[in-house]
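Asks: Below is one structure. I have some questions about it.
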Amino acid sequence: MSLPPGFLDELRNRTSLAQVVGRKVVWDNRKSNQAKGDMWAPCPFHQEKTASFHVEDRKGFYYCFGCHAKGDMISFVRETENVGFMEAVEILAREAGMTMPERDPKAQEKADRNAELAKVTEAAVSHFRLQLKTQAAAEARAYLERRGMDEATLDRFEIGFAPNARDATFQALTGKGLNPEHLVEANIAAQPDDGGAPYDAFRDRIIFPIRDPRGRCIGFGGRAMDPNARAKYLNSRETPLFDKGRALYNHGPAREAAGKGQPLIVAEGYMDVIALVKAGFEAAVAPLGTAITEDQLRLLWRISDEPIVALDGDKAGLRAAMRLVDLALPLLEGGKSLRFVILPEGQDPDDLIRARGAGAMQALLDKAMPMVHLLWQRETEGQVFDSPERRSALDARLREALKRIGDPGLRRHYADAIAEMRRALFRPQWNGPQRRGGRPGQWKGRGFAEAQAPLAATRAKAGALNGEVLRTGLIIATLIRFPDLIDAYEAELDRLSPRNPDHRALARHLLGTTTRDPGTLFDEISASPLRAALESLMGLSHLAITPFLLGEGDPDRAATCLAEEFVKIDAARAIEEEMVEAAQDLGDVTDDEDHTLAFRLTEAVRGKHAALHPKGEENAEQFGETAEARSAFHQLLSSAGQGKKTRN
């Protein structure tokens, strides 16, 4: 909604910033100069004893020299009342006696109609409160007293009573001149289908007024005194004022308390909210008799980025929590989430606080679980995953849940968190990359450092540990540790075609997988026929001392290593091809061509050495890694000599 030109200027002209701020602070008369509009007070935005909050009333701005909060009257109302811009303007306009501009020609008519209905609901609030003091409400008062309601609490929440009579409330309010049609429209009374005389909508019930964020009474909730009543709690039906799916009990006071730093707590009912507020948890709200709706969830996120949902510890409470998880998943975004407190079975916040005090409630709030934990609990609790099929079914359910998260970044973080919990469930010995001694870095359990099979057994499984087997093993292990690098080295991996059958099978799996979480990929391979190949790979002792596989978590360093290893394998294979060609030429070489053959082999060895030693050491005789190439070189020369003797 846009405001007409000059509206805000007129609002500022009619309103004094000092008056607006003065409702929230106590001025320091020693520092303030009221005549000049130069006012000082302790800051309402942070705890302090000295007056560092400065208001320049004539300029219309404030500034705190302690926390550096600054702004005008609109921003002050927004911060202290925890409301949006238009709501802050509306609050100030109402106080200044200004009418907010309407959106369309019919809006004024609707606003006038709602104003009339609000007068009716306010009159009903007063009537119900008076009825609570009558003899007819003796049982209701006794019940409230047993629930710990003192007079101050009854007054604060304006709790009342609807007498057990067909039309007592209707007659009392019409007797005061209120329009009968408005009483029916506001659902204080109901009209029979046969057109008979209206009757009271609430009878023999304790009444809880429901107010919107602006403080208007928009409806009522009633608790039946008769244990045989068809509905223990009854809310107003939908009216022009009241939409129970878009309202929250105690909305306005909770919003203000949350704006001052209190955690927003979502309870199930009126009594829970009242008990929480009495115990000092003033930012408490409740939906109105139904499961939380999407509109209510958005209202909660306007009050707080991370509301805490406190649910009864029974099956109904858990079902409500799970429904809320499903509702919230598509709406999640960075910085907007939920945390959950599941109370002890058979207790609600009111029961817990009355039995064990506010400290017990605070202890639970301090341990509130993130929503991802509740999602995991729903999919795993009470189940056994002792077969690949059951694990696969779990994975499928989790994937479907994660797909519902619209924010890609948040979806990735959820996937990471679930992967961690999955590892803890399926492979408790798998602690992720950890260094020796418990420091981050070493792969524990069935990991590299322990080397499940001795080196001799590993040789028996994987074949001779020649240089290429070691290098392909390092490449495969690196890609399992950093699967995000698979896409960058897909062509090289496809061309690699390891000679070791286990490595070749693992490479094919990496080329076909879409998993990019290392723990999930590890578990995926472990649950497949490639488990033995993976264990053989992890048993290679040289991997246990590779720094970035030990958990340093440096993908750039891992990428550099991969690039070097692929080059080294290419170089090694190149010299093999050169030697094969040279061997084929041995039978036809002449004495004059000896030096040419020697030069070719020497250059091949030197090329391999240059690839294996990027720093460029020139003397190949100093390095053990060239022993294989030198041996092949000398064998070829020896064969060449034998060939020439034979020909001679």
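The values are calculated or read from the model by the stated rules, or taken from the named source; none is laboratory data. What you see is a predicted model; the values in this text were computed from it and never measured. Virtual Cβ from ideal backbone geometry, glycine too; neighbours counted across all protein chains shown.
Asks: What are the residues in region 252-275 that are under 25 Å from the mean Cα position of the chain (by Cα) and either assigned by TED's automatic domain parsing to the domain that holds I206 or among the aromatic types (F, W, Y) (or both), if any?
Replies: None; the set is empty.
Asks: Here's something else I'd like to know. Are any residues in region 525-536 more than 17 Å from L485 (Cβ to Cβ) and part of a helix (DSSP H, G or I), and if so, which ones?
Replies: Pass one, region 525-536, residues more than 17 Å from L485 (Cβ to Cβ): 526-536.
Matches in region 525-536: S526, R531, A532, A533, L534, E535, S536.
Asks: With the condition being among the β-branched types (V, I, T), under 28 Å from R214 (Cβ atoms) and under 36 Å from the mean Cα position of the chain (by Cα), I'd like the helices (runs of 4 or more DSSP H) fully within region 3-94 carrying at least 3 qualifying residues.
Replies: 73-81
Asks: Another one. Within region 231-251, take every residue that is in a loop (DSSP other than H, G, I, E, B) and within 27 Å of the chain's Cα centre (by Cα) and give me the one that is farthest from Q296 (Cα to Cα).
Replies: N250
Asks: Report yes if some residue within region 144-151 is more than 27 Å from D350 (Cα to Cα), touching a residue at least 12 places away in the same chain (Cβ under 8 Å) and out of contact with any Leu (no Cβ under 6 Å at 6 or more places or on another chain); otherwise report no.
Replies: No, region 144-151 contains no residue that is more than 27 Å from D350 (Cα to Cα), touching a residue at least 12 places away in the same chain (Cβ under 8 Å) and out of contact with any Leu (no Cβ under 6 Å at 6 or more places or on another chain).
Asks: Let me ask something else. Across region 101-133, what is the total count of residues that are at pLDDT below 95 and among the polar types (S, T, N, Q)?
Replies: The total comes to 2.
Asks: Those residues that are under 17 Å from Q377 (Cα atoms) and over 12 Å from the mean Cα position of the chain (by Cα), I need them from region 329-358; list them, please.
Replies: Selection gives V341, I342, L343, P344, E345.
Asks: Search region 32-48 for residues that are farther than 17 Å from G60 by Cβ and pair each with any residue that is in a strand (DSSP E or B) and of a type outside the set (D, E) when their beta-carbon atoms are under 6 Å apart and the residues are at least 6 apart or on different chains.
Replies: Short answer, once both residue conditions are applied: C43/F53; C43/C64.
Asks: Say whether the condition of being of a type in the set (F, W, Y) and surrounded by 21 or more Cβ atoms within 10 Å (Cβ to Cβ) is met by at least one residue in region 283-304.
Replies: No - not one qualifying residue is present in region 283-304.
Asks: I need a count of the residues in region 398-410 that are part of a helix (DSSP H, G or I) and surrounded by fewer than 16 Cβ atoms within 10 Å (Cβ to Cβ).
Replies: Residues meeting the conditions: 5.
Asks: Restricting attention to region 313-323, which residues are under 16 Å from P287 (Cβ atoms) and out of contact with any helix residue (DSSP H, G or I) (no Cβ under 8 Å at 6 or more places or on another chain)?
Replies: Of region 313-323, the ones under 16 Å from P287 (Cβ atoms) are 316-317, 319-323.
Residues satisfying the conditions are A316, G317, R319, A320, R323.
Asks: Which residue is surrounded by the most Cβ atoms within 10 Å (Cβ to Cβ), if the candidates are limited to region 356-383 and must be more than 22 Å from D517 (Cα to Cα) and touching a Lys or Arg at 6+ places or on another chain (Cβ under 7 Å)?
Replies: A368
Asks: Still on this model: Confirm whether V83 is in contact (Cβ under 8 Å) with a residue 60 or more places away in the chain and touching an Asp or Glu at 6+ places or on another chain (Cβ under 7 Å).
Replies: Answer is no for this residue.
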